[in-house]
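A short reminder: the numbers here are calculations on the coordinates, not readings from a lab. Please read all numbers here as calculations on a predicted model, not as lab measurements. Here Cβ is always computed from backbone atoms with ideal geometry, including for glycine, and neighbour counts include all displayed protein chains.
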Amino acid sequence: MNRNFKLILAVGMTAVLVGCGSNGSTIDPQRIANRNVEFDQYFTEIKADAAPAKPDENGFIRRWTIIEPINKPNSGNTVFTDSYIQAELTKEYFKGQFTKDINALPKTGDQVIVESEAPRAGGRGGFGGFGGGAPQGAGAGQARPQGAPGAGAPGAGQARPQGAPQGAPQGQGRPQGAPQGAPQGMGGFGGFGGGMMGGGAPAAAAPSMVKDTLEWHSVDSKLFNIKLIRFAQGTSNGQKRYGLIFNAFTVINVDQDVVVRLAAGSNASSIWWVNGEKVLTLQADRRMVADDGMSKRITLKKGKNLVRAAVINGPGMSDMCARLYNEDGTIFKNYTITNN
Amino acid sequence: MKKIFQMGLVALASVAMTETVMAQIGAPFIHDPATIMECDGKYYTWGTGGSPLVSSDGWVWSSEGGARISVGAAPDMIKIGDRYLCAHSSTGGGLGGGHAGTIRTMWNKTLDPQSPDYEWTEQIQVAESLVDEDCDAIDAGLIMTPDGRLFVTYGTYFGFIRVVELDPATGDRAAGAVDVNVAVDCEATTMIYEDGWYYLLGTHGTCCDGVNSTYNIVCGRSKSPTGPFIDNVGRDMVEGGGKMVLGCRDGYTGAGHFGRYIVEEGVQKMSFHWEADYSMSGRSTLAILPIVWRNGWPEAGYNVKNGVYEIESERRGYALEIATEYVRLGGGRGMGFGGGGGNQANTQVAFQKLEDVIGNWPKGNIDVRVIDYQFRPNQKWEFVAQEEGTLGTPYYKIVIAGTNRALAATAGKELTTVPEFTGAPEQLWSVDQLVDGTYRICPKAVPGTDEKVCLISVGDSNASLGKFDINDVNCKWNLRQY
């Protein structure tokens, strides 16, 4: 597994420096130092028998076992309606995906073969960039003509292929025929090119399918939130970023029965289960906010309790965070966290 | 061609005024408006792509008279000394693309493209993001702190929002400045200072989805311009926190891209765009609303909707009325201590109606006074928005409901009501919600003077015109509907 994004960084660095050169100035390398996005910046892989962890000082659960993401390409995030989330995040892609049996949980390094939709060719659109600021030359951020490959990460930022249903002609704002009964008329604001957000409608044609071998990874996050996009990149040699479903679990160990609430945030939609019971759904296109949603009261049983999360996102940032609250609104931290 | 365009504006305005007074009229189509700037008697803003909007009164807007500027995404403006500093950005693809953004600044002595001084200086790149890092350097927002330091915030939904100090003399980065992460996954951030706090405002929700957009403006606050910015439940904006300033209102979805304009002490406006204005084909439009500060947090206030109101003095709580003969109502229970009615069934006491009393009102001008509110016809004022205005709000005619008898300013800075509204400047009133939620009511003009005055209480029971002072309770009024 190659978790190195030096190619991406090199492209980005070149773009920035070229952009700078356009006005004759130079950028102090320190300004852009330490901005890499390597897996190790975000996660520490742990062994199956790692010593139990504790929640962090703010109660966030940082230890999770996550399977490499399943493809679920979406050009936008506007498709994440309640019914879509329920259908897609409870769909069983492999045997045992939703097991309630703690003794049957996968271990880090276990692999499964998953059939999923093939990523769509040509990246996922974007909107052609806002290029007016660069005075001249091919600086970073200049507008790319629709259809021209961008200077971005592999597979990203390219224009939507001809004939794809989500796009809009450049300069026409939101596409006609947007979902959910948008009134006829302009919509949007008429300025952006390639259907920035409105392209949420699923493709009408049956998607082509691919089989992936996906591996489980037990990790401790170095941040309070789990940067799923970086997990995806780091476990796919940079090939996976957007249009993915993430499945994760963790085990909460308590020394007596306790009533709590699970508080979570996710980018974008997610469903959360405790001991097999669905306790929280965060629907719609949303950003990760700590304590965005909170479950009803849950009784954690003495011993091991299984917390499971499934998160879906189209393009954009993907991450999640979770912690537990006591009934009285204080943060519950009297437990340990394991990966089995 | 110009005449046709102006006729079109009037037509558009007429349609808009029948619907609402919550958004600008004319052709205010824009996305990501820069903080509004005033220059030589006109108001200016620019949106993504540098498209301009201009207004001579702050209420009717169009692109006419403006010049597109060479910017990418979401410019912002600030006036420093006698120059205007523009910060703007370019990005590599946004939602599904790369995130190699740049923030650039440039200066101009004027915003009027007809001025011989109109010329943008060479751009300076002050911040940037790599093609794939936890930041996308777009959506610049500028703030000058009370001690004269200049900062720019930037970033978008892809990772961190950052702030970095600039040199207010050059617009370049301040020597040794370091970019600081202050929030996560916002768009269109900017910062304002109020009463010892720095407020970081950003936009959450879904952008660019027309009538389905969930864009909403949130904020956190800090004692430092570099954070941490904490919301009203103690949550750091780096954890996604943010208290709502404005989201959606009936007929308008997706408030985004906050900017503040301080008219004067006590009168603040927020500019932003609606992702979709239902009365304008669901297009994205410029909007300007008052800012109300409640318990230390900014909220979007309200322009007065067309309707009938009590005009209640903040001073005493009495109501403005025309000075007509008091007509007692029949019925009721006299002393009203509850014991007089025995077991009789309750009946509805009839309200006093306009037709019950108007016949005895004088036919000419009638003075106004302030007294106990009893929902009598001479105390009910109808506000009707007109097709011109001031920054963010239309002028209103204010008439006794059911009549055309209009409140008017008179020479000598006093008040009267005239029997027929004519549209004369002394009969037009700007109504601005103040930072404390009360309203200021000002005539467009006062005969014989250029002095700017507002409706004031004099004593508990009389009204006049006088100089506005946010700290003077006499200058404030509440508009009540029951």
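Some values worked out for this structure:
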read-out	value
Quarter of Cα convex hull surface for chain B, i.e. mean projection, nm²	27.5 nm²
Size of electric dipole in the stretch B:21-300: Cβ of Lys, Arg +1 and of Asp, Glu -1, about Cα centre, debye, nearest 20	360 debye
Square roots of 5 times each gyration tensor eigenvalue, C-alpha, the stretch B:21-300, largest first, Å	24, 23, 19
Residue order, fewest to most surrounding Cβ atoms within 10 angstrom, among A:MET317, B:MET37	B:MET37, A:MET317
Partner chain coverage, peptide B:200-206 - average Cβ within 10 angstrom	3
Cross-link table A:LYS100/A:LYS301; A:LYS91/A:LYS222; A:LYS54/A:LYS95; B:LYS413/B:LYS467; A:LYS100/A:LYS302; B:LYS42/B:LYS79, entries beyond 22 Å C-alpha to C-alpha	A:LYS91/A:LYS222; A:LYS54/A:LYS95
Mean Cβ neighbour count within 10 Å, used as a protection proxy, ranking A:219-228, B:222-231, B:72-81 highest first	B:72-81, A:219-228, B:222-231
Per-residue Cβ neighbour rank within 10 angstrom, fewest leading, B:TRP429, B:TRP61	B:TRP429, B:TRP61
Residue mean of other protein chain beta carbons inside 10 Å, B:275-284	5
Other-chain or far-sequence residues with amide H under 5 Å of B:LEU166's (modelled H)	B:LEU150, B:PHE151, B:VAL152, B:ALA174
Whole-number percent relative contact order across the stretch B:21-300, with pairs defined as alpha carbons under 8 Å at least 6 apart	14 percent
Förster radius 41 Å - calculated FRET efficiency between B:ASP195 and B:GLU119, Cβ distance, rounded to 0.05	0.60
For chain B, cysteines whose Cβ has no other cysteine Cβ within reach (under 4.7 Å)	B:CYS39, B:CYS86, B:CYS135, B:CYS186, B:CYS219, B:CYS248, B:CYS475
Using θ = phi - 60° and Karplus 6.51 cos²θ - 1.76 cosθ + 1.60, couplings along the stretch B:101-115 (whole Hz; Gly, Pro as x)	x, 9, 10, 10, 10, 7, 10, 8, 7, 8, 9, 8, x, 7, 6
Inter-part distance where the stretch B:66-134 and the stretch A:78-101 are each reduced to a Cα centre, Å	44 Å
For chain B: relative contact order, % (alpha-carbon pairs under 8 angstrom, 6 or more apart)	11 percent
Proxy reagent accessibility, fewest Cβ within 10 Å first, across A:THR336, B:THR285	A:THR336, B:THR285
Interchain or long-range residues, amide H under 5 Å from A:PHE332's placed H	A:LEU324, A:TYR325, A:ASN326
Amide H contacts under 5 Å for B:VAL126, placed H, 5+ residues apart	B:ILE103, B:ARG104, B:THR105
From phi via Karplus (6.51, -1.76, 1.60), per-residue ³J(HN,Hα) for the stretch A:83-100 in Hz, x at Gly/Pro	5, 5, 4, 4, 5, 7, 8, 10, 6, 8, 8, 8, 4, x, 4, 10, 4, 9
Phi to ³J(HN,Hα) by Karplus 6.51 cos²θ - 1.76 cosθ + 1.60 over the stretch B:231-240, Hz, x for Gly, Pro	8, 6, 10, x, 9, 6, 5, 5, 9, x
Principal-axis tilt of helix B:2-19 within chain B, Cα atoms, nearest 10 degrees	60 degrees
At most 15 other Cβ within 10 Å, DSSP loop - GluC sites (Glu not before Pro), the stretch B:371-476	B:GLU420, B:GLU451
Coil-residue GluC sites (Glu not before Pro) of the stretch B:224-267, DSSP, other Cβ within 10 Å capped at 14	B:GLU265
Ratio Rg/Rh [Cα only; Rh per Kirkwood] for the stretch B:268-311	1.07
